[in-house]
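Readers should treat all values here as calculations from the given coordinates under stated rules, not as data from a laboratory. Nothing here was measured: the structure is a model prediction, and the numbers come from that model. Neighbour counts run over all protein chains shown; Cβ positions are idealised from the backbone, glycine included.
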Amino acid sequence: MIKKLIFTCLCLSLFISCNDSKTSDSEEKEVPIEKNEEKKSNQITSTIRNTSKELDLASEVQNFMTCKKASEERNDCRNTITKIISQSYNLEEFVDKEKGYVIYDSIRPMIERSPQWENLGSINEDNLDQAVSHTNNGGLALIIDTAQTYGHVVMVLPGETKKSGSWGMALPKVLSLANHSPEKSFHDKTLAYALQKSDDVKVYLRK
């Protein structure tokens with residue numbers, strides 16, 4: 001009787017010990033799974049943040065040209081460039097609460113009044129280099145023809161510059177939406193295809 005009792009106790013002790021071992025193994029395996037899920041979540045969040053400034057500029061240019069072909073009013077599609085700038089850099093300053101994105105004519109007077117913007121002056125190699133460096137570091141740079149109140153506005157794109165014979169300096173690629181000649185709009189050419197060299201062409205950086 002005593003032998004049976006001892007044997008039963010030993011079996012019970014061994015059974016409990018095995019269960020504890022399994023539980024311990026299971027808990028150890030769950031830890032890296034939780035860490036992997038957290039890592040995946042962080043990667044997704046990082047991806048969302050990193051792509052928040054990315055737009056399909058080719059599609060945006062095509063949509064602009066399509067919009068202009070179907071336009072009936074003078075101001076139709078004239079706010080496309082402000083929409084792209086605002087969405088690319090998560091800005092609210094070019095959005096009217098009632099009318100939505102302002103037309104491109106409004107950009108220059110708005111940024112010249114704003115402490116958030118810096119006017120580098122007429123284009124030269126130094127301020128173009130500064131604009132390109134600023135853009136390549138994630139900043140926003142605009143180039144505007146100030147000769148007229150409705151002067152052309154282009155957005156400097158990140159990347160390398162290309163030497164221009166007509167300008168006598170290296171120029172960046174820009175996004176150019178030509179309201180008067182929409183078929184000449186582009187996102188993959190340099191500034192020389194958008195504007196003629198002039199002291200009225202100025203560079204603006206958002207701080």
Check your understanding: Name the residues of the stretch 136-175 whose amide N is less than 16 Å from a point 7 angstrom out from the Cα of Asn75 along the C-beta direction?
Key -> 150
Exercise for review: For Tyr150 paired with Ser166, estimate the spin-label separation in nm (one decimal), with each label point 7 Å from Cα along the Cα-to-Cβ line.
Suggested key: 2.3 nm
**Study point:** Theoretical gain in end-to-end length, Leu91 to Asn119 [0.36 nm per residue, Cα-Cα removed]
**Key:** 8.2 nm
Exercise for review: For each of Lys197, Lys162, count neighbouring Cβ atoms within 10 Å of the residue's Cβ, then give the residues from fewest to most.
Suggested key: Lys162, Lys197
**Study point:** Ranking of Leu171, Leu205 by count of other Cβ atoms within 10 Å, fewest first
**Key:** Leu205, Leu171
Check your understanding: Given the Cα-Cα distance of Asp199 and Leu55 and 0.36 nm per residue of separation, how much length would full extension add, in nm?
Key -> 48.7 nm
